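Since every read-out is calculated from the coordinates, none of them should be taken as a lab result. It should be emphasised that the depicted structure is a prediction, and the values quoted were computed from it without experimental measurement. Glycine gets a Cβ as well: all are built from the backbone with ideal geometry, and neighbour counts include every protein chain shown.
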Amino acid sequence: MPRKPTETVQVNLRMKEADRRRLAQAAEKRGVSLNAEMLQRLKESFDQEAARSLDETAQKLEAAAMRLESVSLTIPSATLTLSADAPTSFPNRRRLIRKRGRSPDEG
């Protein structure tokens, strides 16, 4: 039967004595148990990982936005330039297509 996510479990951990001492000293400074110190440091490492992932995603979105900021589309007999402040829909589409002599449904 699988364990519940809220269940406390015991885990055996192997580490160098020097690392254990560092953790024990840090725990003593903070006034917490060695177990609490290790758990806090593990949680912080996951939080930092999540923050890095969010930062990377934000950077990718920013780069994509910059690339899309000024995109030119070439259509026979017309050139459209889109910028960040342009509307997301094309209300003048019918008028542009009619200028080319085609019906809106053909475009």
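Positive-end ranking of Thr6, Gly31, Phe46 along the dipole of region 1-56, with charges on Cβ about the Cα centre, is headed by Gly31. Label separation (Lys4 vs Ala63): 4.5 nm, computed from points 7 Å beyond Cα along the C-beta direction. Within region 9-60, the trypsin sites (Lys or Arg not before Pro) that combine a DSSP coil assignment with at most 11 other C-beta atoms in a 10 angstrom radius are Arg14, Lys16. With the Kirkwood sum run over all distinct C-alpha pairs, region 17-67 has a hydrodynamic radius of 13.1 Å.
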